[in-house]
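Note sheet for the following structure.
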Amino acid sequence: MTLRIAITPGEPAGIGPDLVIKLAQHAWPAQLVAVADKSILEKRAKELGEQIKLLPFDSDAAPEAAPAGAIYYLQVDKGAEVVAGQLDEANGHYVLETLRIASEKNMDGTFAAVVTGPVHKGIINQAGISFSGHTEYFAQQSDTADVVMLLATEGLRVALVTTHIPLAYVSKAITPERLSKVIHILHHDLQTKFGIEQPRVLVCGLNPHAGESGHLGREEIETIEPTLEMLNKQGMNLVGPLPADTLFQAKYLDNADAVLAMYHDQGLPVLKYKGFGNSVNITLGLPFVRTSVDHGTALDLAGSGDVEVGSFELAIREAIKLATKKAQNA
Ligand SMILES: NC(=O)c1ccc[n+]([C@@H]2O[C@H](COP(=O)([O-])OP(=O)(O)OC[C@H]3O[C@@H](n4cnc5c(N)ncnc54)[C@H](O)[C@@H]3O)[C@@H](O)[C@H]2O)c1
Ligand SMILES: N[C@H](C(=O)O)[C@H](O)COP(=O)(O)O
């Protein structure tokens, strides 16, 4: 069966529209539907000197993959004219609306997955909407209390206990409850989504040198160690807390299925150093499949034609794989 996948291009002044136009230049084994304003894609294609055929999406018709050079679209009206590279808060609500529709239509089964292009969190907030990221937004829209951000590249998966919060709040956010829920979701999804029977997860400490026996912080002793001990007694295979500065080496990673980092910039710089442009962001724990690019809006490159589409394409391939697996397991 042909899967239907929603694609949200993200911030219209960024490289999202360029990437959608680029990826539509070849055929896909799924019906890709850009949830966007048609005129934004048409204008950007013209600026890039690319041809693109935009096919109106009809949810009543049987899903059909578009041929090379074409993509389906589900019209969402923009808030203002878009200039490549120039953020405009008048399009903040437009961006949110594309995400809301994609979420709603994944929840009602119209789509089998959503693949998101990069949004600009700052301009959405400037438009008067409190927004910290797709991960948190889709969790809220689907009424899911706990989700987990996981980024994956060849040879490395990194999941996060906390996501888009100020560093000053991180320690308080790492409670035994949150840690335990994150690990349960990660363990479950490594089994069901990635087919790993007994996942082995390396868990980072929070403090330098994992707290140095309590001399450089006590979160390891008070929260992380007891939680890991409890979960290991239940049959999980969790190793840690390990010093985050030394665990990212082959000696440890070769025998692990994922690393669990305590916060965004503890784990993601390593992942992106290894595979920027060739990584995928997957939200675990959601009731629908959601994948995304590993990069941001790259305003400096919008409309230039000089963009790498590798991460977006990987995100689509991964979404197709995960949605196929989900359908088979249903
Ligand atoms: N999935 C998402 O929605 C997502 C992910 C990361 C960052 N962001 C947002 O993007 C905005 C800008 O963030 P940033 O400047 O830290 O990161 P960025 O990824 O936009 O840019 C970092 C550097 O990488 C380059 N780059 C990024 N993507 C590229 C591509 N596909 N091809 C070639 N070069 C590319 C840029 O030109 C820039 O030099 C922020 O608002 C951030 O929140 C969104
Ligand atoms: N933390 C992500 C990254 O660094 O790639 C990025 O900000 C996107 O997050 P969402 O998927 O939650 O928007």
Starting from the amide H of Gly117, placed 1.01 Å from N in the peptide plane, find each other amide H under 5 Å away whose residue is 5 or more places distant or on another chain. Thr8, Gly10
Compute the length gained on full extension between Ala65 and Asp77: take 0.36 nm times their separation in residues and subtract their Cα-Cα distance, giving the result in nm to one decimal. 1.9 nm
Where the centroid of each part is defined by its Cα atoms, how far is segment 141-192 from segment 222-299 in Å? 8 Å
Using the Kirkwood radius over Cα pairs, work out the Stokes-Einstein diffusion coefficient for segment 210-330 at 10 °C and 1.306 mPa s, in µm²/s as a whole number. 91 µm²/s
Determine the shape class of segment 138-214: with a ≥ b ≥ c the square roots of the Cα gyration tensor eigenvalues, call it rounded for a/c under 1.5, and otherwise prolate if a/b is greater than b/c, oblate otherwise. oblate
What number, in nm² with one decimal, is the all-direction average of the projected area of the convex hull of the alpha-carbon atoms of segment 98-256? 11.1 nm²
If I compute solvent accessible area with a 1.4 Å probe over the protein chains, what percent of it on segment 58-147 is carbon and sulfur? 45 percent
With a 1.4 Å probe and all protein chains kept in place, how much accessible area does Glu177 have, in Å² rounded to the nearest 10? 120 Å²
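How much accessible area per residue does segment 1-124 have, counting only protein heavy atoms and a probe of 1.4 Å, in square angstrom?
For segment 1-124, the solvent-accessible area averages 39 Å² per residue.
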Would you work out the charge dipole size for segment 1-102 about its Cα centre, treating the Cβ of every Lys and Arg as +1 and the Cβ of every Asp and Glu as -1, and quote it to the nearest 20 debye? 260 debye
Over segment 281-321, what percent of the accessible surface lies on carbon and sulfur atoms, probe 1.4 Å? 48 percent
Phi angles of segment 2-9, converted by Karplus (6.51 cos²θ - 1.76 cosθ + 1.60, θ = phi - 60°) into ³J(HN,Hα) in whole Hz with x for Gly and Pro, give 7, 7, 9, 10, 7, 10, 9, x
Using helices alone, what [θ] at 222 nm do you get for the chain, with -39,500 (n - 2.57) per DSSP H run of 4 or more residues, divided over all residues and rounded to the nearest 500? -11000 deg cm²/dmol
Accessible surface, segment 138-275, averaged per residue in Å² (probe 1.4 Å): 49 Å²
Cα convex hull volume per residue for segment 174-276 (Å³): 103 Å³
What percentages, rounded to whole numbers, describe P(r) for segment 1-96 computed over all alpha carbon pairs with 10 Å bin width beginning at zero? 17, 51, 26, 5, 0
Give me D for the chain in µm² s⁻¹, whole number, from Stokes-Einstein with Rh from the Kirkwood sum over alpha-carbon pairs, 25 °C and 0.890 mPa s. 120 µm²/s
Taking a virtual spin label 7 Å from the Cα of Ser304 along the C-beta vector, which residues in segment 76-118 bring their backbone nitrogen under 12 Å of it? 85
Along the dipole axis of the chain (charges at Cβ: +1 for Lys and Arg, -1 for Asp and Glu; origin at the Cα centre), the most positive-end residue among Pro199, His120, Leu150 is Pro199
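The values are calculated or read from the model by the stated rules, or taken from the named source; none is laboratory data. Note that the structure is a prediction, hence the values are computed from the model and not measured. So basically every Cβ, Gly included, is an ideal-geometry build from the backbone, and we count neighbours across all protein chains shown. Only protein heavy atoms, including side chains, enter the accessible area calculation; ligands, DNA and RNA are left aside. Shrake-Rupley method; radii C 1.70, N 1.55, O 1.52, S 1.80 Å.
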